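What follows is a set of notes on a single structure, which appears directly below.
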Amino acid sequence: MAAGLGSAAVLIAALGFQYIGGLAPCKMCLWQRYPHVAAVFVAALFFVFQYRSVAALGAAASLATAGIGFYHAGVELNWWEGPNSCTSGAIGGMSTEDLINQIMAAPMVRCDEIPWALWGLSMAGWNALLSLALAGLWMMALRRL
């Protein structure tokens, strides 16, 4: 249950940053939320049916969002390129018309910019670390069944 509540807390924090803090999420930020939503539902299911398979689903959801968070943090730190749909591309050799078209088609929030960080970690990095901890809680539940 702690892992499911942890995912709920991460979602509430993300929504707080969005609606109270005014930090609109990028596409990859939204991708990180979906496994947390799944983990909350899996936790509710686990409350009723304490099966190993249900705990394994919770662990998989937490590991999935940790993986997305790690990938997103790498995009923010320019370790690798992110999806073309939410990062900036090279503009060398583009005509003025092509550049204007690229600007007009660009998303409002880019995935390769860090809008907020704490102790050198972006929200994506924190999500990756916290989600790994939540996966650990799910795995502890697996061991106890």
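Order Val75, Val48, most accessible first, counting only protein heavy atoms with a 1.4 angstrom probe.
Numbers: Val75 5, Val48 95 Å².
So the residues, ranked largest to smallest area, are Val48, Val75.
Can you tell me the orientation of helix 2-19 relative to the chain, as the angle in degrees between its alpha-carbon axis and the longest Cα principal axis, to the nearest 10?
30 degrees
Please give the per residue accessible area of the chain, computed with a probe of 1.4 Å over protein heavy atoms only, in Å². Walk me through the intermediate numbers first.
Details: 8810 Å² over 145 residues.
Using a 1.4 Å probe on heavy atoms only, each residue of the chain averages 61 Å².
Calculated from DSSP H runs of 4 or more alone, at -39500 (n - 2.57) each and per residue, what is the 222 nm mean residue ellipticity of the chain, nearest 500?
Numbers: 5 runs with 97 residues, N = 145.
Calculated from helices alone, the mean residue ellipticity at 222 nm is -23000 deg cm²/dmol.
Angle check, please: helix 96-105 long axis (alpha carbons) against the longest principal axis of the chain (alpha carbons), in degrees 0 to 90, nearest 10.
On a 0 to 90 degree scale, this one is about 20.
Name the residue farthest towards the positive end of the dipole of the chain from the options Gly4, Trp79, His36, assuming +1 on Cβ of Lys and Arg, -1 on Cβ of Asp and Glu, about the Cα centre.
The residue sitting most towards the positive pole is Gly4.
Using only Cα atoms, find the angle between the long axis of helix 123-144 and the longest principal axis of the chain, and express it within 0 to 90 degrees, rounded to the nearest 10.
So the helix axis and the longest Cα principal axis differ by about 20 degrees.
Kindly write out, for the range 21-32 in residue order, the coupling ³J(HN,Hα) from the Karplus curve 6.51 cos²θ - 1.76 cosθ + 1.60 (θ = phi - 60°), rounded to whole Hz, with x marking Gly and Pro.
x, x, 9, 5, x, 8, 4, 6, 4, 5, 4, 5
Which entry is the computed volume of the Cα convex hull per residue in Å³ for this structure: [x] 191; [y] 127; [z] 115?
[z]
Roughly to the nearest percent, how much of the accessible area of the range 47-89 is carbon and sulfur, given a 1.4 Å probe?
Details: 1550 of 2420 Å².
Ligands and nucleic acids excluded, carbon and sulfur give 64 percent.
The values are calculated or read from the model by the stated rules, or taken from the named source; none is laboratory data. What you are looking at is a predicted structure, and each value in this text was computed from that prediction instead of being measured. Ideal geometry is used to build each Cβ from the backbone, glycine not excepted, and the neighbour counts take in all protein chains shown. Each accessible area value is taken on the protein alone, full model and side chains, heavy atoms only, with ligands, DNA and RNA left out. Shrake-Rupley method; radii C 1.70, N 1.55, O 1.52, S 1.80 Å.
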